[in-house]
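J.: A single structure is presented below for examination.
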Amino acid sequence: MTETPILSVSKLHKAFGVGAARAVIIDDLSFALRPGECYGLLGPNGAGKTTTLRLCLGLAVPDSGEIRLGGKAIPDDARAARMRVGVVPQADNLDPDFTVQENLLVFARYFGIADAVMAQRIPELLEFANLTARKDARIAELSGGMKRRLTLARALVNDPDLIFMDEPTTGLDPQARHMIWERLKSLLVRGKTILLTTHFMDEAERLCDRLAVIDHGKMIAEGSPQQLIAQHIEAEVIEIYGENARAWVEQHGRTHASRVEYSGETVFCYTNDAKSLLATLQHAHGVRYMHRPANLEDLFLKLTGREMRD
């Protein structure tokens, strides 16, 4: 028997503007989340990721399509559905007038959770966020990583089944990012479901059971990170850089690589067997190189392009 999705999106469509200025943001998008998994939405800036989250939460109304969250129709039953959902927005929106624990207590009241219940729950949330020692601190006294951990803890006050996370580690240093990753992994072990948007490909590769790559509001690939890499990208990558990199690749590299891409001074040579290219590179002058397995960033750049998006 197939498990009922905790979130399902079918043929979703959303456009903004009128007349010639009307722009399609979400274009026939469909996906479903299985309970207990981390599902990622990847895409360039403007691909429609945040709009998709807003539609799924009932904060915006689709032009057409169907959304069901926790078995409830969205946006009609969005308020009831959100009672079992936690949200970590892109930007921390903590209340600066309250202390760390007061932010948790006041937020819980939006869900109708009694203060007596939260008195029992807050120590666990503070421990989860590694903020027990800062429970009486004001928000202005916290570092960026502390604020992010508090925002994550706040999303858990109602013990949600599903947590929406919109770029949860943007702006954090590596140590803070790794701490957030460990916290997210522990939530998955507890059976929580996560819908994650991120620009960090290593984050998606570490956390996501499945992911969708979307661009211009359309899904262009879906599957596990390993499946997508195997389906769309050659197994090995050699990055060649230096003042003679382009000239050397034009003369030698194209005969040994399946595909070649240029980005600034770096040339990316994709191949399923790097031996011959590596042997040739040993005699190259004026170039340096790095040999590595293909990863999710290679997949992302192949499917969405290397040009900058504003």
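The values are calculated or read from the model by the stated rules, or taken from the named source; none is laboratory data. Since we're looking at a predicted model, the values are computed, not measured. Here the Cβ positions follow ideal geometry from the backbone for every residue, glycine too, while neighbour counts run over all protein chains shown. For accessibility, only protein heavy atoms count, side chains too; no ligands or nucleic acids. Shrake-Rupley method; radii C 1.70, N 1.55, O 1.52, S 1.80 Å.
J.: Can you tell which of A73, A81 is crowded, with 17+ Cβ neighbours inside 10 Å, farther than 24 Å from W181 by Cα and modelled with pLDDT of 95 or more?
T.: Details: A73 fails: crowded, with 17+ Cβ neighbours inside 10 Å.
Result: A81 is the single residue among A73, A81 that is crowded, with 17+ Cβ neighbours inside 10 Å, farther than 24 Å from W181 by Cα and modelled with pLDDT of 95 or more.
J.: Looking at the range 163-176, can you tell me whether even one residue there is modelled with pLDDT of 95 or more and small (G, A, S)?
T.: No, the range 163-176 has no match at all.
J.: Any idea how many residues of the range 1-30 are within 14 Å of I74 (Cα to Cα) and free of Cβ contacts under 8 Å to residues at least 24 places away in the same chain?
T.: 0
J.: Report, by residue number, each residue of the range 245-259 that is assigned to a loop (DSSP other than H, G, I, E, B) and surrounded by 15 or more Cβ atoms within 10 Å (Cβ to Cβ).
T.: Pass one, the range 245-259, residues assigned to a loop (DSSP other than H, G, I, E, B): 252, 256-258.
H252, H256, A257 - these are the residues of the range 245-259 that are assigned to a loop (DSSP other than H, G, I, E, B) and surrounded by 15 or more Cβ atoms within 10 Å (Cβ to Cβ).
J.: Please state which of the following conditions L57 fails to meet, knowing it meets all the rest: (1) open to solvent by 50 Å² or more (accessible area, probe 1.4 Å); (2) over 16 Å from the mean Cα position of the chain (by Cα).
T.: With respect to (1) open to solvent by 50 Å² or more (accessible area, probe 1.4 Å); (2) over 16 Å from the mean Cα position of the chain (by Cα), L57 is out only on (1).
J.: Output the residues belonging to the range 1-38 that are at pLDDT 95 or above and either aromatic (F, W, Y) or in contact with a Cys (Cβ under 6 Å, 6 or more places away or on another chain) (or both).
T.: F31, C38
J.: In the range 120-153, what residues are in contact with a strand residue (DSSP E or B) (Cβ under 9 Å, 6 or more places away or on another chain), open to solvent by less than 20 Å² (accessible area, probe 1.4 Å), of a type outside the set (S, T, N, Q) and not in a loop (DSSP other than H, G, I, E, B)?
T.: Within the range 120-153, I139, R148, L152 meet the criteria.
J.: Between residues in the range 65-83 that are within 15 Å of T4 (Cα to Cα) and residues that are outside any loop (DSSP other than H, G, I, E, B) and open to solvent by 80 Å² or more (accessible area, probe 1.4 Å), which pairs lie under 8 Å by C-beta distance while being six or more apart or on different chains?
T.: Filtered contacts from the range 65-83: G70/R84; A73/E66.
J.: Please work out if K72 is over 22 Å from the mean Cα position of the chain (by Cα) and basic (K, R). Step through it out loud before you land on a result.
T.: Details: over 22 Å from the mean Cα position of the chain (by Cα): yes; basic (K, R): yes.
Yes; evaluated as a whole, the condition is true for this residue.
J.: Let me ask something else about it. Here are some residues: L150, L195, L142. Which one is within 19 Å of L53 (Cβ to Cβ) and either at pLDDT below 90 or not aromatic (F, W, Y) (or both)?
T.: Values: L150 fails: within 19 Å of L53 (Cβ to Cβ); L142 fails: within 19 Å of L53 (Cβ to Cβ).
Selected residue: L195, the only one of L150, L195, L142 that is within 19 Å of L53 (Cβ to Cβ) and either at pLDDT below 90 or not aromatic (F, W, Y) (or both).
J.: Let me ask something additional. Have a look at G19, G65, G86, G48 and point out the one that is open to solvent by less than 40 Å² (accessible area, probe 1.4 Å) and over 28 Å from I113 (Cα atoms).
T.: Details: G19 fails: open to solvent by less than 40 Å² (accessible area, probe 1.4 Å); G65 fails: open to solvent by less than 40 Å² (accessible area, probe 1.4 Å); G86 fails: over 28 Å from I113 (Cα atoms).
From the options G19, G65, G86, G48, the qualifying one is G48.
J.: Checking V100 against (1) among the β-branched types (V, I, T); (2) within 22 Å of L211 (Cβ to Cβ); (3) open to solvent by less than 10 Å² (accessible area, probe 1.4 Å): exactly one of these is not met. Which one?
T.: All conditions pass for V100, except number (2).
J.: Count, please, the residues in the range 260-305 that happen to be assigned to a helix (DSSP H, G or I) and over 12 Å from E239 (Cβ atoms).
T.: As a first pass, look at the range 260-305 and keep what is assigned to a helix (DSSP H, G or I): 275-281, 296-304.
Applying the additional criterion that residues be over 12 Å from E239 (Cβ atoms) yields 275-276, 278-280, 296, 299-304.
Final tally of qualifying residues: 12.
J.: Assuming E203 fulfils every condition listed in (1) within 29 Å of A257 (Cα to Cα); (2) out of contact with any Asp or Glu (no Cβ under 8 Å at 6 or more places or on another chain); (3) without any contact (Cβ under 8 Å) to a residue 24 or more places away in the chain apart from one, which condition is it?
T.: Against the list (1) within 29 Å of A257 (Cα to Cα); (2) out of contact with any Asp or Glu (no Cβ under 8 Å at 6 or more places or on another chain); (3) without any contact (Cβ under 8 Å) to a residue 24 or more places away in the chain, E203 comes up short only on (3).
J.: Return yes or no: is D166 charged (D, E, K, R) and in contact with a strand residue (DSSP E or B) (Cβ under 7 Å, 6 or more places away or on another chain)?
T.: Details: charged (D, E, K, R): yes; in contact with a strand residue (DSSP E or B) (Cβ under 7 Å, 6 or more places away or on another chain): yes.
Criteria met by D166.
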